[in-house]
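Student: This is the structure, below, for whatever I ask next.
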Amino acid sequence: MKQTRRGFLKATGATGVAGIAGSASALAQNQSITFYNAGSLEFDPGTEQNISRFEDETGITVNVNEVPWQNLKTTLITQWRNQSSDADAFNGPTWWLGDFVAANWVEPLELGDDHMSNFPDNLRSLVTFDGQTYMAPQLGKWGSYLYDAQYLSEQGVDSPPSTWDEVVQMGEQLSSGDKSGFGFTWANKDVFTFKQFLYQAGGQLFNDNNEPQFTSDAAVGVFRDFITPLRERGVIPDGLQSMGEGGVGDAFIGGQFATVESWTPLGARALGEDNWGAERLGVARPPEGPESRATFQDTNGVSVSAFSQNKDAAKRFAKFMSTTQSCKTDMLVEGNPAAIPAVYEDSEIRDKYPGKWLDVNKFNLQNAESEIYRAQPQVDDILSNQITPALLGEKEPQAALQQAQEEVTSLYENLGIL
């Protein structure tokens, strides 16, 4: 019998984990925990400061293991398969939870409504399974729509495109020479890009019976009504482009794009770049698709290992890292948008960042969408292999989506999910 996605995640969990980890109450006397951070704290100063705050306020020492982002998930899974208690807590994206919860590798955090009510429902639903919270949201990440206000003004454009149709039509006017009218995050994150546009079109990757919906009219419409017209009219550049965080935002900073849908940190970065600032950096709500202005929700949070020998302290750490004050600290120190709407109204935050940027990010937080599904790495690899040539115009989109749907259906049948 088929089970709904949320019920299935728990029903298929691996057995034998409960009981190995020991009594949390008895082990809480251990006043140190090991936290696996995604990358070096050198590049996560907000996280580093919050860890120091936690240690000062609780007396619990946090031993940080800095694991490269690309290795973190594999490192954790390898440990858990060997029932290792090396990691007490870790941070990662919400979309890891499907497989982690199903395998009983992560521990319910016992966070009540007094804490979780700080977060919007669309985010709470991603970290909650059978009424239990398995991740405490820490760092806000989602798509954001940025534009070069100076360039648009020079072209006689008062405001950026507000709908898919306007992106296509106005994009031609804004494209000239080495300047592209529109760019979007997709190099190495092509599945994220597809999801964002899919949600704007009103679609989903899976239905409640775990059946892939890659060939729905909404999915096909992402290409038919948006991506293909953008490419055919020369609004987006040829080849792979990446408009995300870190150095890969250089193309936008360098003035090669009029408008972009990018990953959240690029906006904060542009504010501090030479020749940029609040006057030049335009921020707007995402262009509206057929159904919504949703962006892809990629918020990161803190979870606790089911094998931890220090569960009480680790859960206390997870809760602390997701408080309003911690989210505010991270935003002030590092620029990561908060996962708590109230932070955007804080006076210190309002003094530091442009009001428009704050208002748009608050809107995106409350309207971002995502899905939790099983075998996420395999599913995303299959989608990526088909979507990339379709995005490049090298494969007919309907055929690419059909092949991806057939391969994921076969995968789920082999895993017993369908």
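Student: Mean-square fluctuation check for the chain, GNM, Cα pairs under 10 Å: which of P265, P45, P397 is largest?
Tutor: Residue with maximal mean-square fluctuation among P265, P45, P397: P45.
Student: If you average 1/r over every pair of different alpha-carbon atoms in the chain and take one over that average, what Kirkwood value in Å do you get?
Tutor: Kirkwood radius, the chain: 22.3 Å.
Student: Here is a further query. Applying a 10 Å radius around every beta-carbon, put 319-332, 67-80 in order of their mean neighbour count, most first.
Tutor: Numbers: 319-332: 21.8, 67-80: 15.5.
Result, highest mean first: 319-332, 67-80.
Student: Then there is this: Rounded to the nearest angstrom and ordered from largest down, what semi-axes does the equivalent ellipsoid of segment 59-133 get from its C-alpha gyration tensor (root of 5λ)?
Tutor: 23, 16, 13
Student: Under the 0.36 nm per residue contour assumption, what length would be gained going from the current alpha-carbon distance of D208 and Q173 to full extension?
Tutor: Additional length available on full extension: 8.4 nm.
Student: What would the Debye formula give as log10 I(q)/I(0) at q = 0.10 Å⁻¹ for the alpha-carbon point model of segment 75-218, no solvent?
Tutor: Evaluating at q = 0.10 Å⁻¹ gives log10 I(q)/I(0) of -0.56.
Student: As a check on your grasp of the helix formula, calculate [θ] at 222 nm for the chain: sum -39500 (n - 2.57) over DSSP H runs of n ≥ 4, divide by the residue count, round to the nearest 500. Spell out each step's value before the answer.
Tutor: On the way: 20 runs with 181 residues, N = 418.
Theoretical 222 nm ellipticity from helices: -12000 deg cm²/dmol.
Student: Per-residue counts of other Cβ atoms within 10 Å, averaged by peptide: what ranking do you get for 96-108, 123-135, 154-166, highest first?
Tutor: 96-108, 123-135, 154-166
Student: Please give the length that would be gained between Q403 and F43 if that part of the chain were fully extended, namely 0.36 nm times their separation in residues minus their C-alpha to C-alpha distance (nm, one decimal).
Tutor: 125.7 nm
Student: Let me ask something additional. Once you have a ≥ b ≥ c as the square roots of the Cα gyration tensor eigenvalues for segment 165-307, tell me rounded if a/c is under 1.5, and otherwise prolate or oblate according to whether a/b is larger than b/c.
Tutor: It is oblate, given that a/c is not under 1.5 and a/b is not larger than b/c.
Student: Hand me the trypsin sites (Lys or Arg not before Pro) from segment 171-236 located in a DSSP loop with no more than 16 other Cβ atoms within 10 Å, in residue order please.
Tutor: R233
Student: Is the shape of segment 162-206 rounded, prolate or oblate, going by the alpha carbon gyration tensor and its root eigenvalues a ≥ b ≥ c, with a/c under 1.5 for rounded and a/b larger than b/c for prolate?
Tutor: Note, shape of segment 162-206 comes out oblate.
Student: Still on this structure: How big is the charge dipole of segment 201-301 about its Cα centre, in debye rounded to the nearest 20, if each Lys and Arg gets +1 on its Cβ and each Asp and Glu gets -1 on its Cβ? Spell out each step's value before the answer.
Tutor: Details: 7 positive and 15 negative charges, 43 e Å.
It works out to roughly 200 debye.
Student: Let's test the formula: R0 of 60 Å, r as the Cβ-Cβ distance of D250 and Q132. What FRET efficiency results, to the nearest 0.05?
Tutor: 0.90
Student: Same structure again: With unit charges on the beta carbon (Lys/Arg positive, Asp/Glu negative), name the residue among W142, V62, T388 whose Cα is farthest towards the positive pole of the charge dipole of the chain.
Tutor: Towards the positive end, the residue furthest out is V62.
Student: Zone of Q325 (label point 7 Å along Cα→Cβ, backbone N under 15 Å): which residues in segment 45-83?
Tutor: Correct set: 49-60.
Student: Run the numbers on the chain and let me know its relative contact order in percent, using alpha-carbon pairs under 8 Å that are six or more apart. Provide the component values of the computation, followed by the final result.
Tutor: Numbers: 769 pairs, mean separation 114.4, N = 418.
Over the chain, the number comes to 27 percent.
Student: Size of the dipole of the chain about the Cα centre, Lys and Arg at +1 and Asp and Glu at -1 on the beta carbon, nothing else charged, in debye to 20?
Tutor: Once rounded to the nearest 20, the dipole reads 820 debye.
Student: Right, next: Give me the extension gain from R231 to L392: residue separation times 0.36 nm, minus the current Cα-Cα distance, reported in nm with one decimal.
Tutor: Taking 0.36 nm per residue and subtracting the Cα distance, the gain is 57.1 nm.
Student: Looking at the square roots a ≥ b ≥ c of the eigenvalues of the Cα gyration tensor of segment 273-418, which shape do they give, rounded for a/c under 1.5, prolate if a/b is larger than b/c, or oblate? If you can, show how the numbers build up before the last one.
Tutor: Working: a/c = 2.81, a/b = 1.30, b/c = 2.15.
Oblate.
No value in this document is a laboratory result; all are computed from the given coordinates. Not measured: the values here are computed from a predicted model. For neighbour counting, all protein chains shown are included, and Cβ atoms are generated from backbone atoms with ideal geometry for every residue, glycine included.
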